[in-house]
1. Considering the stretch 71-107 alone, what residues qualify as being in a helix (DSSP H, G or I) and among the hydrophobic types (A, V, I, L, M, F, W, C)?
2. In the stretch 114-128, what residues are out of contact with any Ser or Thr (no Cβ under 6 Å at 6 or more places or on another chain) and either of a type outside the set (Ser, Thr, Tyr) or in contact (Cβ under 8 Å) with a residue 60 or more places away in the chain (or both)?
3. Quick test for you: out of 175, 160, pick the one residue that is in the same structural domain as residue 102 (by TED's automatic domain parsing), out of contact with any Ser or Thr (no Cβ under 9 Å at 6 or more places or on another chain) and at pLDDT 90 or above.
4. Please list, ordered by residue number, the helices (runs of 4 or more DSSP H) wholly in the stretch 1-70 having 2 or more residues that are among the aromatic types (Phe, Trp, Tyr).
5. Restricting to the stretch 43-62, give me the number of residues that are within 34 Å of the chain's Cα centre (by Cα) and surrounded by 12 or more Cβ atoms within 10 Å (Cβ to Cβ).
6. Report, by residue number, each residue of the stretch 73-91 that is hydroxyl-bearing (Ser, Thr, Tyr) and without any contact (Cβ under 8 Å) to a residue 60 or more places away in the chain.
7. With the condition kept exactly as written, say whether any residue in the stretch 27-38 is under 16 Å from residue 63 (Cβ atoms) and either over 25 Å from the mean Cα position of the chain (by Cα) or at pLDDT below 90 (or both).
Amino acid sequence: MTPEELRTLTLFNTVESRPEINQRQLAQELDVSLGLANTYFQRVLKKGWVRAQQVKPRRWLYFLTPQGVLEKSRLSLSYLHRTLESFRELKSKGDEQLSILSEKGVQGIHLCGEDDLTEVLSYCFSGFEIELLSVISEKSLLANSASDGNPSLPELKSGERILLASLEHRASLTELLTQQGLKKNQHWVLFS
């Protein structure tokens with residue numbers, strides 16, 4: 001889904017839930033300039049996806065037309081398909097990584113990361129003999145390290161590893177773990 005399609009879908013959802021919205025509010029909702037919001041509005045009006053009705057001078061209500069509802073459905077399905085495709089790809093990579101760790105005798109994982117990637121990886125543990133021991137917030141770990149120099153890391157037992165599932169702070173976390181005397185592949189591994 002292109003950024004333009006995503007903005008169009010957001011415009012449809014916004015108009016549907018708030019027909020009285022003005023273009024300045026829409027610009028904030030779409031996170032674009034007022035001029036670009038006006039361009040998007042003119043485009044969907046011209047294509048017949050949205051209908052405008054003047055209720056007072058300088059006051060308009062906006063409605064999705066039947067063609068707009070069809071286009072919204074098409075965009076929603078496209079978004080859902082892309083999201084599920086990404087989920088399946090991440091789950092497959094997670095399953096592959098856990099399979100490799102399982103073959104190496106790893107029995108427990110402390111998952112370090114944030115948000116969606118960590119959540120997807122947590123679904124991978126069913127079907128493996130590896131136990132998800134904890135989820136470590138990467139932001140909290142980095143904040144604790146910055147504030148007092150003492151990150152709160154779990155005590156690793158034999159057969160346990162920290163799995164770094166961070167995209168944004170990967171370099172900072174690997175440096176932090178190395179500074180704590182933890183060795184790559186012996187104590188921690190990167191999700192790749």
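1. Listed by number, the residues that qualify are 75, 77, 80, 84, 87, 90, 98, 100, 101.
2. 114, 115, 116, 117, 119, 120, 121, 124, 125, 127
3. 160
4. 34-46
5. 11
6. 73, 83, 86
7. Among the residues of the stretch 27-38, not one is under 16 Å from residue 63 (Cβ atoms) and either over 25 Å from the mean Cα position of the chain (by Cα) or at pLDDT below 90 (or both), which makes the answer no.
This table checks each residue for (1) assigned by TED's automatic domain parsing to the domain that holds residue 123; (2) over 30 Å from residue 121 (Cβ atoms); (3) of a type in the set (Gly, Ala, Ser).
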residue: 12; (1), (2), (3): no, yes, no
residue: 17; (1), (2), (3): no, yes, yes
residue: 36; (1), (2), (3): no, yes, no
residue: 51; (1), (2), (3): no, yes, no
residue: 74; (1), (2), (3): no, yes, no
residue: 80; (1), (2), (3): no, no, no
residue: 84; (1), (2), (3): no, no, no
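The values are calculated or read from the model by the stated rules, or taken from the named source; none is laboratory data. What you see is a predicted model; the values in this text were computed from it and never measured. Because the Cβ atoms are built from the backbone with ideal geometry, glycine has one as well, and the counts that use them run over all protein chains shown.
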